[in-house]
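Values quoted throughout were computed directly from the atomic coordinates according to the rules given, and no laboratory measurement underlies them. The structure presented is a predicted model; accordingly, all values stated were derived computationally and were not measured. Neighbour counts are summed over all protein chains in view; Cβ atoms, including those assigned to glycine, are modelled from backbone coordinates with ideal geometry.
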Amino acid sequence: MDWRTAGVVIGVLALVCLGLVFTAVYPVSTDESHAALASSERFSVSDADEYHVSAALRVDGTSTLELEGVVTGDGARYQSLTQDGVRSESYQETPGEATYGRIVLDDDSTVDRRLESIERDETRALISTERDGDSVVLVVRENASEDLADDISGSASVFTRSLHVAAYDRVEETDETAIYEPQGGWFDEAKAYRITDASGTVAVDNDTHAVTSAAVSWEVTTRAETYLQYLLTSVVADETEPHEITYEFETTDVDPVAPDWVETARDES
């Protein structure tokens, strides 16, 4: 090989190495998550007058948040929210009336703090404290004029907003419903993250973009501002987390009955 040919080869190798360095330092491109859309186009919670919503968020195989909410046309509202080993139930006969709550604590260490919080709140009154197996159950009455339906809608929006972190392709459409599939990608929001192995579908109202059902999953790798950092985080440190989101919103056959504990709480309050 003569010196001219060798010089060309060395130059090409240098460019390749430089390209690899830039690839390790900078991502090739970033995608726009669903959150980047205009607010009128994002997935949202329906403003129906009557509905039953159930949803769950699992991270790395563990349930981190679960919701069941019911809003009826005649005024009854019920919500069950489970997070970090704490289950909170609320029931309101009609908007503006007192709300009865039941809190189930699996960890005794938080009971005193909860009781102190109830005592400091002039709108809440402790009805009973009892032990159920390894759990402590607190029942309270809250004299407030708010509509519990607002809390239920707010809880449901946590799940619809959780869907926003991915990008989506619109894969099917009818006059009433649009179906979306999540897509993996590299996203540069407040903190860079990468989504891989995205699957499932989201069904929304074609006019309002309110979610009617969702069953999606993906893996999220944070601390991934560069390809090199992504490889170190996902492969070496194994910090990629699987996420699963399910959501069902129904507006038919909505007929809740006050839980038994509510009737007991009414008698004791």
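Mind checking the full-extension length gain between Ala35 and Thr123? Use 0.36 nm per residue of separation minus the Cα-Cα distance, one decimal, nm. Don't jump to the answer; show the numbers that get you there.
Working: separation 88, 0.36 × 88 = 31.68 nm, distance 3.67 nm.
Between Ala35 and Thr123, full extension yields an extra 28.0 nm.
Which FRET efficiency, nearest 0.05, do Asp253 and Glu146 yield, Cβ-Cβ r, R0 22 Å? Intermediate values should be presented prior to the final figure.
On the way: r = 27 Å, r/R0 = 1.21.
Plugging the Cβ-Cβ distance into 1/(1 + (r/R0)^6) gives 0.25.
How much length is gained if the chain between Glu244 and Val111 is pulled fully straight, taking 0.36 nm per residue apart and subtracting their Cα-Cα distance, in nm to one decimal? Mind dumping the intermediate values first?
Values: separation 133, 0.36 × 133 = 47.88 nm, distance 3.06 nm.
Computed gain between Glu244 and Val111 is 44.8 nm.
Just report the Cα centroid separation between the stretch 175-207 and the stretch 130-169, whole Å.
24
Please tell me the relative contact order of the stretch 43-146 in percent, rounded to the nearest whole number, where contacts are Cα pairs under 8 Å and at least six residues apart. Spell out each step's value before the answer.
Working: 204 pairs, mean separation 19.0, N = 104.
Normalised by residue count, the contact order of the stretch 43-146 is 18 percent.
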